[in-house]
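> Provided herewith is a single structure, encoded as structure tokens, for subsequent inquiry.
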Amino acid sequence: MALALALAACGPAVLVDQDVSFLVPLSQARTFLPVSGASGGRPLLSRALFDRLPALTVVDEPDALYGALSTVGVRLDACFKEGRQEQACRPQVRLVLQPVFDSADGPTTRDAAIHLFFSVTEADVKHVARELSLLRTQQSVTVAAGLTDAHPGFETAKWVEGARALLSPLLRAEKLVRTTAMSVHASNEAWIFSGLEISGDIITDIVVPTFPDAREGHVASTGGKDTLAITLDPLPVAEPKLPTLLQSATRRQATEADVTAAVEGLLRLENPEDHNPGTTDCASCHVVATTKFFLQRESPNLKLDSTSPSSAAYANSRNLRAFGYFFQAPAVSSRVQRETMAGRSELSRRLEQ
């Protein structure tokens with residue numbers, strides 16, 4: 001009630017999904033929050049850190065990839081949780097980067113990504129969220145609930161300028177605490193998940209959750225639009241039944257009990273209340289959306305209820321994108337939609353305090 005009254009007095013609408021997490025249209029991704037600093041600003045990701053990560057693709061030169069890195073997504077999180085331990089959550093701003101190149105059909109991405117995690121204060125996140133809401137109202141930007149496409153504010157130059165001015169002060173090099181990467185190879189049929197923890201001048205490889213000896217997660221997916229044919233290496237520990245669903249042939253031969261257990265695990269992976277980046281590996285989470293899409297198509301009698309159905313962007317089993325673009329198609333997984341809803345609720349609650 002306090003938030004509603006405060007916002008009503010100032011004129012803005014209440015916070016909605018797109019103020020917490022939003023996609024940047026590909027046509028503006030290279031200019032909204034420039035990554036490499038080539039335009040004269042400071043780089044969001046230094047070349048030295050970029051070179052520490054596995055090569056994003058095997059078909060592009062490193063210089064071209066680094067120069068093409070663009071901000072395609074932004075997430076504000078007032079309470080980032082990791083692991084099972086009861087501990088204070090961490091406010092952060094996350095940027096989703098993908099290499100964006102020109103093509104005959106317009107800007108397109110490579111099927112690879114880097115995430116940048118900036119440590120900020122709760123006051124920072126609340127200020128940006130509140131001001132984005134005000135800015136949206138001031139510029140008469142109308143948004144709908146849900147997160148399926150680029151933020152409509154990008155159609156208004158003053159909204160773009162205002163959003164950039166609000167976010168840029170939080171994206172300083174000394175605030176960068178983590179970077180993760182999803183690189184692609186083998187003719188867009190295999191991916192590597194990895195990352196780095198950053199503490200001042202100390203940079204260390206991220207240990208894959210649940211795999212104390214692993215620094216990388218590997219996924220192969222060869223089914224295309226026809227069938228599911230996904231393999232994970234290492235095999236998942238948090239939800240060990242998941243592989244039952246990742247191969248259409250394996251699922252058809254599995255017992256009903258095994259399929260039911262695997263589906264329950266799939267839905268837990270989709271639910272941020274059950275799993276977070278500290279309780280499961282990245283690869284398992286990234287195969288959920290396309291697996292769910294194929295299950296809905298191939299086994300319509302399975303109970304796959306959730307708040308957000310997988311979109312048609314996941315009709316290709318090689319789409320492991322959780323938040324970004326599958327070449328030119330927006331791809332937002334059900335888990336990211338649920339995380340966005342939770343983030344919106346958390347920010348609204350904190351703004352009321």
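The values are calculated or read from the model by the stated rules, or taken from the named source; none is laboratory data. Because the structure is a prediction, the values reported are computed rather than measured. Virtual Cβ from ideal backbone geometry, glycine too; neighbours counted across all protein chains shown. Side chains included, ligands, DNA and RNA excluded: accessible areas come from the protein's heavy atoms. Shrake-Rupley method; radii C 1.70, N 1.55, O 1.52, S 1.80 Å.
> In the Gaussian network model of the chain, springs joining C-alpha atoms below 10 Å, which of GLU256, GLU239, GLU264 carries the largest mean-square fluctuation?
Largest GNM mean-square fluctuation: GLU256.
> Right, another one. Would you tell me the accessible area of LYS81, worked out with a 1.4 angstrom probe on the heavy atoms of the protein chains, in Å² to the nearest 10?
130 Å²
> Related question: For helix 256-270, what angle does its Cα long axis make with the longest principal axis of the chain, in degrees from 0 to 90 and rounded to 10?
20 degrees
> Assign unit charges at the C-beta atoms only (+1 for Lys and Arg, -1 for Asp and Glu), then state the dipole size of the stretch 101-175 relative to its Cα centre in Debye, rounded to the nearest 20.
Here the stretch 101-175 has a charge dipole of around 300 debye.
> If you don't mind, another one. Using θ = phi - 60° and the Karplus relation 6.51 cos²θ - 1.76 cosθ + 1.60, list the HN-Hα couplings for the stretch 168-178 in order, rounded to whole Hz, with x at every Gly or Pro.
Result, rounded to whole Hz: 3, x, 8, 9, 8, 4, 5, 8, 6, 10, 7.
> Expressed in nm², what is the orientationally averaged projection area of the convex hull enclosing the Cα positions of the stretch 154-270?
If you wrap the Cα atoms of the stretch 154-270 in a convex hull and average its projections, you get 11.4 nm².
> Here's another thing I want to ask about it. Please tell me the relative contact order of the stretch 276-353 in percent, rounded to the nearest whole number, where contacts are Cα pairs under 8 Å and at least six residues apart.
Relative contact order here is 25 percent.
> With the dipole of the chain worked out from charges on the C-beta (+1 for Lys and Arg, -1 for Asp and Glu) around the Cα centre, which of ALA315, LEU49, THR31 lies farthest toward the positive end?
Positive-most Cα among the choices belongs to THR31.
> Can you list the GluC sites (Glu not before Pro) in the stretch 267-325 that are in a DSSP coil and have 16 or fewer other beta carbons within 10 angstrom?
Counting only loop positions with at most 16 other Cβ atoms within 10 Å, the GluC sites (Glu not before Pro) in the stretch 267-325 are GLU273.
> How large is the dipole of the chain about the Cα centre if only Lys and Arg carry +1 and Asp and Glu carry -1, each at its Cβ, rounded to the nearest 20 debye?
In debye, rounded to 20, the chain gives about 580.
> Once the convex hull of the C-alpha atoms of the stretch 198-353 is built, how many Å³ does it hold per residue, rounded to a whole number?
Here the figure is 147 Å³ per residue.
> Across bins of 20 angstrom width beginning at 0, how are the C-alpha pair distances of the chain distributed, in whole percent?
Once binned at 20 Å, the Cα pair distances of the chain give 30, 59, 11, 0.
> OK, next. For ALA88 and ALA48, FRET efficiency with R0 = 22 Å and r from the beta-carbon atoms, rounded to 0.05?
0.10
> Report the relative contact order of the chain, percent, no decimals, based on alpha-carbon pairs under 8 angstrom and at least 6 residues apart.
With pairs under 8 Å counted, the relative contact order is 18 percent.
> While we're looking at this one, here's another question. Helix 334-352 against the longest principal axis of the chain: what's the angle in degrees, Cα atoms only, rounded to the nearest 10?
The angle comes out near 30 degrees.
> How large are Rg and Dmax for the stretch 220-289 when calculated on the C-alpha trace, in angstrom?
11.7, 33
> Counting other Cβ atoms within 10 Å, keep those with at most 16, restrict to DSSP loop, and tell me which GluC sites (Glu not before Pro) in the stretch 38-128 are left.
Loop-located and lightly packed - GLU82, GLU86.
> Once you charge only the Cβ atoms, +1 for Lys and Arg and -1 for Asp and Glu, what is the size of the charge dipole of the stretch 212-253 about its Cα centre, to the nearest 20 debye?
Charge dipole of the stretch 212-253: 240 debye, to the nearest 20.
> Rounded, prolate or oblate: which one fits the stretch 93-238, using the alpha carbon gyration tensor with axes a ≥ b ≥ c (rounded when a/c is under 1.5, else prolate when a/b beats b/c, else oblate)?
oblate
> Quick check on the chain: helices-only [θ] at 222 nm, where DSSP H runs of length 4 and up contribute -39,500 (n - 2.57) each and the sum goes over total residues. Nearest 500, please.
Taking each H run of at least 4 residues, the total per residue is -9500 deg cm²/dmol.
> Roughly how many percent of the accessible protein surface of the chain is carbon and sulfur, given a 1.4 Å probe and a whole-percent answer?
Within the chain, the accessible surface is 52 percent carbon and sulfur.
> If you fit an axis through the alpha-carbon atoms of helix 157-167 and take the longest principal axis of the Cα set of the chain, what angle between them do you get, 0 to 90°, nearest 10?
Orientation of helix 157-167: about 80 degrees from the principal axis.
> With a probe of 1.4 Å, find how much accessible area the stretch 221-348 has per residue, and write the answer as a whole number in Å².
That works out to 41 Å² per residue.
> Here's a follow-up. Give the total of Lys-Lys pairs in the chain with Cα-Cα distances below 23 Å; include a pair only if its members are 8 or more places apart or on different chains.
The result is 9.
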